[in-house]
1. Determine whether segment 71-94 contains at least one residue that is closer than 26 Å to Gly45 by Cα and assigned to a helix (DSSP H, G or I).
2. I'm trying to understand the selection: among the residues of segment 146-185, which are outside any helix (DSSP H, G or I) and not small (Gly, Ala, Ser)?
3. Filter segment 66-83 down to the residues that are within 14 Å of Glu53 (Cα to Cα) and touching a Ser or Thr at 6+ places or on another chain (Cβ under 9 Å) and list them by number.
4. Take the residues of segment 153-179 that are open to solvent by less than 60 Å² (accessible area, probe 1.4 Å) and of a type in the set (A, V, I, L, M, F, W, C): which is nearest to Gly45 (Cα to Cα)?
5. Taking segment 123-138, which residues are of a type in the set (Lys, Arg) and assigned to a loop (DSSP other than H, G, I, E, B)?
6. Residues in segment 29-48 that are part of a loop (DSSP other than H, G, I, E, B) and crowded, with 16+ Cβ neighbours inside 10 Å: how many?
7. Looking only at segment 99-122, which residues are out of contact with any helix residue (DSSP H, G or I) (no Cβ under 8 Å at 6 or more places or on another chain) and either within 23 Å of Gln174 (Cα to Cα) or not in a loop (DSSP other than H, G, I, E, B) (or both)?
8. Any chance you could count how many residues in segment 85-100 are touching a Ser or Thr at 6+ places or on another chain (Cβ under 9 Å) and open to solvent by less than 60 Å² (accessible area, probe 1.4 Å)?
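The values are calculated or read from the model by the stated rules, or taken from the named source; none is laboratory data. All of these numbers come straight from a predicted model, not from anything done at the bench. Quick reminder, even Gly has a Cβ in these numbers, built from the backbone with ideal geometry, and neighbours come from all protein chains shown. Keep in mind that these areas ignore ligands, DNA and RNA; they rest on the heavy atoms of the full protein, side chains included. Shrake-Rupley method; radii C 1.70, N 1.55, O 1.52, S 1.80 Å.
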Amino acid sequence: DGAAEKLRSLLGDEAYEQAEMSRNSAYYTPANVIDIMWDIVKALGFKGGRILEGSAGIGNILGQMPKESSEASDIQAIEVDETTGDILSLLYPDAKVDIQGFEQTKIANGSVDLAITNVPFVTGLRVNDTTGDSDLSKKFHDIHDFCIAKNIRKLKNGGIGVFISSNGTLDNSQRLRDWMGMQTL
C-alpha cells in the first residue's frame with residue numbers, strides 16, 4: 001500500500017516497525033477514566049512524592065494530574081515506542097522519561113510513592129526483565145500481569161498503586177492475586 005510505504009520512508013524501518021507494534025497494542029486512556037484515576041489517588045490521600053507511569057504513551061495520565069500533585073512530585077515516565085516517547089519527552093520536560101520497555105527500566109524497589117498506569121494489554125506477549133526483576137517476568141508470563149507486579153514491587157510501604165486492568169486479568173490471574181496478597185503481609 002502506498003501510504004504504508006510513504007510512512008516507512010518518513011519514519012525509517014525501525015520506527016516504522018515500532019509504530020506497527022503500537023498500532024496493535026497502544027490504547028490511549030479516555031479523559032473521563034483518567035479523571036476517575038486521579039479522584040481515587042486524591043481520596044487515598046496522595047499529596048505528592050515520586051510518581052511512576054510505566055506505560056505512559058504521550059502522557060495523557062500525567063497531563064490530567066492535579067496541579068498540586070504535579071508541583072509536589074518527581075515523575076518518571078516510561079514509553080517503549082520511540083516516536084511516542086519523543087512526544088512524551090517534549091510534552092513533559094520536567095519528567096524523567098525513559099524510552100524503552102518497562103522490563104528494561106531499572107527502578108529501585110520500595111522507591112515509589114504512586115504508581116499509576118494503564119498497563120499494556122497485548123495477549124500472549126511475554127517479556128524478559130533485564131533489570132533485577134527477572135523473577136517477575138518468569139512468574140508472570142503475560143505483560144499486563146508482569147507490569148502490575150513490577151509496579152507493586154517498586155512501591156514504598158504505604159505507597160499507592162492505581163492500575164487499569166481487565167476482567168481477563170482479574171478473573172484469570174490467580175497467581176498474580178496470590179502474589180499481591182503476599183506483598184501486603
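1. Taking segment 71-94 and keeping what is closer than 26 Å to Gly45 by Cα, we get 71-78, 92, 94.
If we keep only those that are assigned to a helix (DSSP H, G or I) as well, we get 71.
Yes, some residue in segment 71-94 is closer than 26 Å to Gly45 by Cα and assigned to a helix (DSSP H, G or I).
2. Leu155, Lys156, Asn157, Ile160, Val162, Phe163, Ile164, Thr184, Leu185, listed by residue number.
3. Correct list: Gln76, Ala77, Ile78, Glu79, Val80.
4. Residue satisfying both the conditions and the ranking: Ile160.
5. Passing the criteria: only Arg126.
6. The qualifying residues number 2.
7. Correct list: Gln104, Asp113.
8. Qualifying residue count, segment 85-100: 3.
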